[in-house]
1. Hey, fewest Cβ within 10 Å first, where do 328, 315, 148 land in order?
2. Can you sort 61, 306, 79 so the residue with the fewest Cβ neighbours within 10 Å comes first?
3. Counting DSSP beta bridges with both partners in the stretch 231-358, what percentage is antiparallel, nearest 5?
4. Pop a pseudo-label 7 angstrom from the Cα along the beta-carbon direction at both residue 249 and residue 60 and give the gap in nm to one decimal.
5. In what sequence do 51, 168 fall when counting other Cβ within 10 Å, fewest first?
6. Starting from the Cα of residue 137, step 7 Å along the direction of its Cβ; do the same at residue 125; then give the gap between the two resulting points in nm.
7. What nm distance separates the two modelled labels at residue 364 and residue 298, each placed 7 Å from Cα along Cα→Cβ?
8. Just to confirm my numbers, what's the Cα centroid distance between the stretch 64-89 and the stretch 287-362 in Å?
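Just so it is clear, none of the values below were taken in a lab; they were calculated from the coordinates. A quick note: this is a predicted structure, and the numbers were derived from the prediction, not measured. Cβ atoms come from the backbone with ideal geometry, glycine included; neighbour counts cover every protein chain shown.
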């Protein structure tokens with residue numbers, strides 16, 4: 001039964017709409033500007049991804065991380081987090097009080113994560129078939145062997161959620177639960193700037209010239225989505241809070257992540273734009289990985305689909321469409337009034353999203 005759930009925000013984090021008046025600061029404005037300049041001219045090391053972990057396997061494409069359990073006897077069914085190929089996975093472990101990973105550990109779960117490494121030009125022909133049927137499958141098999149379990153929970157975010165859906169249709173015997181966060185599914189319902197941009201992009205011309213999708217072009221695209229918020233406004237906000245050390249450190253961590261964009265293999269980016277955004281093959285059950293068709297109606301395991309209603313990167317309605325395309329009887333949709341990053345790396349997600357998700361998952365995991 002489809003359960004559409006909305007949660008009221010309590011401490012939802014957003015950059016405030018700031019209107020800076022020079023008169024507001026009077027004599028302390030020069031001092032604030034000096035601190036602001038020094039901050040960007042002499043950036044200190046910014047610590048991210050600090051939750052203790054070991055590397056189970058490392059290749060030229062990915063690292064499989066296993067986080068140290070908080071409890072001696074964690075919940076038996078392990079969770080494999082599949083991150084997106086865009087930006088870096090440390091947004092899920094940004095800092096102790098806003099760490100998605102750390103929260104899951106404190107709820108008693110045994111957590112693994114695929115940390116994708118930046119591809120080189122030699123990797124430009126690696127496609128979704130490779131990522132889903134080889135790299136993700138390799139990680140799933142390693143976890144099953146290490147944990148002496150038959151099945152795991154597969155948990156993806158953004159493009160990683162989309163890949164998790166693809167994987168589940170083909171390897172469902174290994175998956176106990178599927179948990180998706182902001183998956184890109186039905187792009188016919190996508191009215192975001194990203195969706196419109198993708199539908200009109202001449203991706204063949206870009207990739208044929210560059211080999212891979214270049215990070216600078218990706219950063220430019222994301223900055224153009226909300227030019228004032230991602231430009232002047234956020235720096236005005238930083239200037240206003242320049243003496244608040246906690247605010248500054250959090251700001252710098254997010255800033256690091258926003259600009260830490262890896263390339264995407266040319267073949268994957270072509271498939272992402274042409275097959276999913278331009279032809280909507282995934283929602284039509286016509287997407288092919290190698291010789292295999294991805295048929296979402298073949299998914300029948302428990303599904304929890306989590307959607308951000310204020311997401312400007314991934315269409316909320318396009319994500320929510322997943323629940324009506326699968327055959328799962330245990331089928332849950334949770335919607336939250338936050339954005340794409342707020343869904344995973346904010347006080348709001350810690351207080352509202354993670355407890356609800358953990359409760360759902362706890363009752364469907366082997367103890």
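1. Numbers: 328 18, 315 23, 148 7.
If I rank by nearby Cβ atoms, fewest first, I get 148, 328, 315.
2. Working: 61 18, 306 28, 79 25.
So the residues, fewest neighbours to most, are 61, 79, 306.
3. On the way: 3 of 9 bridges.
Antiparallel bridges: around 35 percent, rounded to the nearest 5.
4. The two pseudo-label positions are separated by 3.9 nm.
5. Working: 51 21, 168 25.
Going from sparsest to densest Cβ surroundings: 51, 168.
6. 1.9
7. 2.0
8. If you average the Cα positions of each part, the centres end up 18 Å apart.
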